[in-house]
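For reference, the structure discussed in these notes is given below.
Nothing in this text is a laboratory measurement; each read-out follows from the coordinates by a stated rule. Just so it is clear, the structure is predicted and the values come from calculations on it, not from any experiment. We place every Cβ from the backbone using ideal geometry, glycine too, and count neighbours over all the protein chains shown.
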Amino acid sequence: MSLEILIRGAGEIASAVAHLLVRGGCRVALQSSRPPIAIRRRMAFSDAFFGGAAELEGLLARRLDHPGAVAQSWACGEIPLLAMEFPTALAARPWAVLVDARMNKQQAPESQRGLAPLVVGMGPGCTAGLNVDVAVETSWDQLGRVVRRGSTLELAGEPRAVLGQARSRFRYAPVAGILRAEAAIGQRVRAGEVVARIGDTVVEAPFDGIVRGLTHDGVPVEQGNKIAEIDPRPGAVKLAGIDERPRRIAEAVAAIVLRPDA
């Protein structure tokens with residue numbers, strides 16, 4: 001029987017993990033209780049939350065609002081995205097594995113050990129044996145390292161630089177409110193051009209480039225949320241599909257789940 005796996009989150013890393021585990025023969029569902037703030041939406045299944053379905057490298061995710069429809073979605077060859085509170089999704093199936101891919105960098109995840117026979121976490125704040133069973137490192141310094149004892153690295157440093165632009169590539173919500181997109185992923189923008197608004201507050205492109213990521217229009221955001229990415233590369237920007245970092249993290253999760261004795 002195929003392993004049944006619940007993944008918390010619907011962003012690019014959660015989506016890459018789901019994609020690889022499905023290709024490995026698992027039955028996988030994603031879970032998001034609120035509209036995802038994911039920015040690299042063409043690299044994720046997150047838009048299924050809004051439009052009902054989203055495709056990523058040949059696999060289709062479909063939004064479900066009722067936990068009883070999970071088996072039917074699997075029978076159709078889909079990845080269900082459970083748009084419901086976590087306890088409801090958790091109670092829907094006898095999950096063999098729980099993967100926390102929410103990548104919440106602001107606070108350590110709550111203890112989830114015991115919610116499934118195997119609980120895998122990733123990113124800062126995960127401690128194997130304390131709040132998860134096994135963790136995966138998401139920092140470029142040790143990307144994909146499996147942590148079976150101890151903690152993942154603390155959040156530190158800058159994102160990888162692209163043509164000299166590191167953290168400056170990303171735009172963060174200056175205030176809380178409803179995001180209104182004024183640009184689209186793949187659009188070329190000039191420095192100072194408005195890419196989104198939150199109420200009366202504008203979010204501008206920091207330099208000339210291409211919009212690589214942008215939170216979906218109409219999503220409530222909190223101050224400090226990452227909401228946009230501007231890439232300075234003129235013609236070499238990957239906008240869709242699974243990128244290197246999510247793929248390597250997903251490969252580590254797949255190794256934990258599919259080859260537990262390795």
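Worth pointing out:
- Furthest towards positive pole of dipole, S73, A54, G241, structure part the chain, Cβ charges: G241
- The gain in end-to-end length when the R259 to V175 segment is fully stretched comes to 25.8 nm, 0.36 nm per residue minus the alpha carbon separation.
- Put a plus charge on the Cβ of each Lys and Arg, a minus charge on the Cβ of each Asp and Glu, and nothing anywhere else: the dipole of the chain about its Cα centre is then about 300 debye.
- Region 181-247: trypsin sites (Lys or Arg not before Pro) in DSSP coil with no more than 12 other Cβ atoms inside 10 Å: R190
- Take every DSSP beta bridge whose two residues both sit in the chain; close to 55 percent of them are antiparallel.
- Förster radius 35 Å - calculated FRET efficiency between D217 and E251 (Cβ-Cβ, nearest 0.05): 0.60
- For region 167-231, the dipole from Cβ point charges (+1 on Lys and Arg, -1 on Asp and Glu) about the Cα centre works out to 160 debye, to the nearest 20.
- Gain upon complete extension [A166, E57; 0.36 nm per residue less C-alpha separation]: 36.5 nm
- Equivalent ellipsoid semi-axes - Cα gyration tensor, region 167-231, angstrom: 17, 11, 10
- Note on the chain: Cα Rg divided by 2.2 N^0.38 Å, N the number of residues, gives 0.99.
- For region 1-86, GluC sites (Glu not before Pro) are listed when DSSP marks them as loop and at most 13 other Cβ atoms sit within 10 Å of their Cβ; the list is E57, E85.
- Amide H partners (placed H, <5 Å) of R171, local residues excluded: I227, A228, E229, I230
- Each label point was placed 7 Å from the Cα along the Cα-to-Cβ direction; for L130 and E110 their separation is 1.8 nm.
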